Amino acid sequence: MEKKRIYITRKLNEAVLAPYADLFEIRMWGKEEEPVPRDILLKEVKDIDGLFCMLSDKIDEELLQHAHNLKVVSNLAVGYDNIDLEAASEHGVIATNTPDVLTETTADLGFALLMATARRIVEANHYIKTNKWQNWAPFLLAGADIHHKTIGIVGMGRIGEAIARRAKGFGMNILYHNRSRKPAAEEELQATYVSFEQLIGEADFIVSVVPFTPETNKIFNKAAFEKMKQTAIFINISRGATVDEDALVEAIRTKTIKAAGLDVFEVEPITSDHPLMQLDNVVCIPHIGSASEETRTEMIRLCMDNIAGVLSGTGAKTAIR
Ligand code: DGY
């Protein structure tokens, strides 16, 4: 029987793919750090049964119209705002993502970013490596305490809960806002459900873990930053478009809030001439929430299993519903 055809939009480790080589004819874009150009992708999808894509690939009506045999789109991310789900469903294509396997790793990164921002780790590293450290001083690079402060988690999904567990270990007071209440998290983590307004007004650390949807488009805007404490630290590990970046720059410049830690940006990759990059109290990292070797390997396996499940008829492990 003819093998099903799969296209992978980035160069991935052959060893992880080896177990699937007997099942599928696998074609792959040849570069790890550069995305496949759109015109090449549109040609590649013509005859494939499964597409293994990245969060930076736009899976829209145009692409789906080019893909005559496509049955499954497997996204190497838990977020899936790059996929037009309605169009996929109209074309009979099942979309899958990678929840669960990345939860703890992404929460680790979120908490690391929070700590790095609060305790000015990046500035301190730069300070010492550029030979600025001439004397010890009582308030040299003094940051903000984390323990026993109030954290406000916007979006209490799996990653939000994993961040809350870490916050509990730091003796933090935990507020959260979510589409629906999470009684189990409230009991286990002593997390308190509050309105978005109350959360941004009371939290010392506001952590965005909310998926990007039309409802969350730029929810962190001028009005939101103005409601935050002057000492507030804003952390974003969800999607850049949940933030009005001009308003964030303004809030930092005018000391409306204290600092920000960002893993995600409205346009990725963001460039070094962006105003956010000029601010010492904004810590920026390049969308590496789930980027540990172990987790990315698990994510790749899950993407391949999802494709195999759909193409063999047994079903995807983690279809997006
Ligand atoms: C995701 O998987 O959606 C995250 O943004 C990865 O870091």
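From the phi of every residue in the range 172-188, what ³J(HN,Hα) in whole Hz does the Karplus formula 6.51 cos²θ - 1.76 cosθ + 1.60 yield, where θ is phi - 60° and glycine or proline is x?
For the range 172-188, the Karplus-derived couplings read 7, 7, 10, 10, 9, 10, 7, 4, 10, 6, 10, x, 5, 5, 4, 6, 5 Hz, x marking Gly and Pro.
Pairing the Cα long axis of helix 103-118 with the longest principal axis of the chain, what angle in degrees results, from 0 to 90 and rounded to the nearest 10?
Helix 103-118 sits roughly 30 degrees off the main axis of the chain.
With an 8 Å cut-off on Cα pairs and a minimum separation of 6 or more residues, tell me the relative contact order of the chain in percent.
Averaging sequence separation for qualifying contacts and normalising by length gives 17 percent for the chain.
Using helices alone, what [θ] at 222 nm do you get for the chain, with -39,500 (n - 2.57) per DSSP H run of 4 or more residues, divided over all residues and rounded to the nearest 500?
The helix-only estimate for the chain comes to -9500 deg cm²/dmol at 222 nm.
Please list, by residue number, every one of the GluC sites (Glu not before Pro) in the range 157-214 that is coil in DSSP and has at most 15 other beta-carbon atoms within 10 Å.
Passing both the DSSP loop test and the Cβ count: no residue.
Distance cut-off 28 Å, Cα to Cα: go down the list K132/K258; K182/K229; K31/K258; K31/K218; K3/K43; K58/K218 and report the pairs above it.
In this structure, K31/K258; K31/K218 exceed 28 Å between Cα atoms.
Using only alpha-carbon positions, what ratio does the radius of gyration of the chain give when scaled by 2.2 N^0.38 Å?
1.08
For A95, what residues show an amide H to amide H distance below 5 Å, using hydrogens built from the backbone and excluding near sequence neighbours?
It is V73, I320, by chain and number.
For I233, what is the net charge nearby, where nearby means another residue's Cβ is under 10 Å from its Cβ and Lys, Arg count +1, Asp, Glu -1?
+2
Along the range 275-281, what does the Karplus equation 6.51 cos²θ - 1.76 cosθ + 1.60 (θ = phi - 60°) give for ³J(HN,Hα), rounded to whole Hz, x for Gly and Pro?
Listing the rounded values in order: x, 4, 6, 8, 9, 4, 8 Hz.
Using Cβ counts within 10 Å as a stand-in for footprinting exposure, how do R120, R165, R239 rank, fewest first?
In increasing order of surrounding Cβ atoms, one gets R165, R120, R239.
Under a 5 Å amide H to amide H cut-off, with H placed in plane at 1.01 Å, what residues pair with Y176 once short-range neighbours are removed?
I153, T192, Y193, V194
Tabulate in residue order the Karplus-calculated ³J(HN,Hα) for the range 133-149, using 6.51 cos²θ - 1.76 cosθ + 1.60 with θ = phi - 60°, rounded to whole Hz; enter x for Gly and Pro.
7, 9, 8, 6, 9, x, 10, 4, 6, 5, x, 10, 5, 10, 4, 6, 8
Find, among the chymotrypsin sites (Phe, Trp or Tyr not before Pro) in the range 168-242, those assigned to loop by DSSP (not H, G, I, E, B) with at most 16 other beta-carbon atoms within 10 angstrom.
Those satisfying the criteria are F170.
For K4, give me every one of the aspartates and glutamates with a C-alpha distance below 15 angstrom, ignoring sequence neighbours fewer than eight places off in its own chain.
D22, E25, E44, D47, D49, D305
Which angle from 0 to 90°, rounded to the nearest 10, does the C-alpha axis of helix 293-312 make with the longest principal axis of the chain?
Computed tilt is about 30 degrees.
Taking amide H atoms as placed 1.01 Å from N in the peptide plane, list the residues 5 or more away in sequence, or in a different chain, whose amide H sits under 5 Å from that of V283.
A260, G261, L262
For every other residue with a beta carbon closer than 11 angstrom to the beta carbon of A316, add +1 if it is Lys or Arg and -1 if Asp or Glu, then tell me the sum.
Around A316, the surrounding residues sum to +2.
When a footprinting reagent is the concern and you count Cβ atoms within 10 Å, what order do W29, W133 take, fewest first?
W133, W29
So how far, in whole Å, is the C-alpha centre of the range 171-195 from the one of the range 49-75?
Cα centres, the range 171-195 to the range 49-75: 37 Å.
Write down, largest first, the equivalent ellipsoid semi-axes of the range 147-240 in whole Å, where each equals the square root of 5 times an eigenvalue of the alpha-carbon gyration tensor.
Whole-Å semi-axes of the equivalent ellipsoid: 19, 16, 11.
On a straight-distance basis, which aspartates and glutamates could pair with K168 in a cross-link, Cα separation under 15 angstrom, same-chain partners fewer than 8 positions away excluded?
Cα-Cα hits under 15 Å: E104, D108, D145, E186, E187, E188, D204.
How much net charge surrounds A88 when only the other residues with a Cβ under 11 Å from the Cβ of A88 are counted, with Lys and Arg +1 and Asp and Glu -1?
-4
All of the numbers you see were taken from the coordinates with simple rules; none came from a lab. Treat the numbers as computed from the prediction; the structure is a model and nothing was measured. Positions of Cβ are generated from backbone atoms using ideal geometry, with glycine treated the same way; all protein chains shown enter the neighbour counts.
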